[in-house]
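The next block holds one structure in the form of structure tokens; read it before the comments.
The values are calculated or read from the model by the stated rules, or taken from the named source; none is laboratory data. Note that the structure is predicted; figures quoted are calculated from it, not measured. In this analysis, Cβ positions are derived from the backbone assuming ideal geometry, glycine residues included, and neighbour counts consider all displayed protein chains.
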Amino acid sequence: MKKIFFSVMGVAAAGLVFAQASLAADIVQPSKDNPNVIIGSGQTYNNLYTAGGSVTVNGDTNGDLTVAGGMITIDGKVQQELLAAGGTIFLNSQVGSHARIIGGNITITAPIGGDLVVAGGNVNLTGNASVSGDLLVAGGNVVVDAPVNGSVKAVGGTVTIDSRIGGDVNVRASGNLIFGPNASVPGQVTYKGVRQAVVQNGANVPNIEFIQLQKGAGAKTAGLLTLAFLVKLLAWIAAGLLLVYYGKDLAFSAYQNVRSKPWPSLGWGFLGIVAIPVIVIILLITLIGYYIALLLGLSYALLLLFVNLVSAVVLGYLLLSLLNKSAEKLSGWQAVVLGTVIWTLLGFIPFIGWIIKAIIFLMVFGAVIKRLKTAWK
């Protein structure tokens, strides 16, 4: 068993070393005197990660761009994927592949080379914007004034489409669905709402299936979902505050471990996630060890729940550190509030959000396992 254990560790370590060597990540953070980030037009990065109060990206990114801030303006080209979260976001330059954007007010005026997933209070695709793949959008007020080669799925208060859509359109709107004079949708339109769609003169939308919702049904559903979201968020914040009050050393040491030794933590986390269930199965097969297997399995399930909470708090510490706060000035309650909110929002971002959460979770899982191992010794 010991040989198998170290063989798995060797394979995981080799994979992590290869991954670390193959990734070229650039991190740009605010200075001590200025919370804002400005990246000049003459600067070029590989995979760029940046955050600040206000972030302006004029330089090009040869790989992926990940950015967060109160106000974000992207004027430089992004060759691969874009992940952006902020209050107000302006995307004015081309994205070569997929884009995932979440914010308050979002304006997109440039082409997207893949799929676009976007959610915000106001979402506006206009100017030279276009989407080569599919469009998935949610917002209070959504305006699609840009061609989409693929299909469109939209959820919002008022949804306006005034361009050509290559695939099918699926819309759920609590207010209105409006097809402007430049709209052209040769495919099937499935619309769920409280009133018929408005098709203006000049629009070419021959196939509309209207499913009427009872007035107020959408609002009630949205209200219940919002209430459930807030209850969950408040429950997480309450649990996180208890964690940093009674076990701040554990959460903070996990953050320090993840920041100083991310790859070993990821390796230990991956090993723990895989090895513990295998050990439980082996103990069950032996029959004699079934009781130990039950205890270990229960402890494993509780550990997963606990690490999920710690991961949110660690994410908060990491975000605070990106805002150029020294370790001595990191506030536990700020880490809890910021971390749980962002951790929850990441769950709404398909694929990329889940990958980010999985990586952080594995790192924290590894850090907690190392801490338990030290305590056991």
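What the table below lists for this structure:
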| item | result |
| --- | --- |
| Subset of segment 234-259 (residues that are farther than 14 Å from A335 by Cα and modelled with pLDDT of 85 or more) | N257, V258, R259 |
| Subset tally (residues that are surrounded by 17 or more Cβ atoms within 10 Å (Cβ to Cβ), without any contact (Cβ under 8 Å) to a residue 60 or more places away in the chain and either of a type outside the set (A, V, I, L, M, F, W, C) or in contact with a His (Cβ under 7 Å, 6 or more places away or on another chain) (or both)) for segment 36-61 | 9 |
| Hits in segment 197-214 (condition: exposed (fewer than 13 other Cβ atoms within 10 Å of the Cβ) and part of a loop (DSSP other than H, G, I, E, B)) | N201, G202, P206, N207, Q214 |
| Pair list, Cβ under 9 Å, 6 or more apart: segment 70-94 residue closer than 23 Å to L346 by Cβ, other residue assigned to a loop (DSSP other than H, G, I, E, B) and β-branched (V, I, T) | L83/I349; A85/I349; F90/T109; L91/T109 |
| Close pairs from segment 174-190: first more than 18 Å from F210 (Cβ to Cβ) and free of Cβ contacts under 8 Å to residues at least 24 places away in the same chain, partner hydrophobic (A, V, I, L, M, F, W, C) and surrounded by 16 or more Cβ atoms within 10 Å (Cβ to Cβ), Cβ under 7 Å, at least 6 apart | P181/A203 |
| Residue list for segment 157-196, restricted to those being outside any loop (DSSP other than H, G, I, E, B), at pLDDT below 90 and hydrophobic (A, V, I, L, M, F, W, C) | A173 |
| Single residue of segment 276-320 satisfying the filter (over 24 Å from I360 (Cβ atoms) and among the β-branched types (V, I, T)) that is surrounded by the fewest Cβ atoms within 10 Å (Cβ to Cβ) | I288 |
| Residues being touching a strand residue (DSSP E or B) at 6+ places or on another chain (Cβ under 8 Å) and modelled with pLDDT of 70 or more - total across segment 17-42 | 10 |
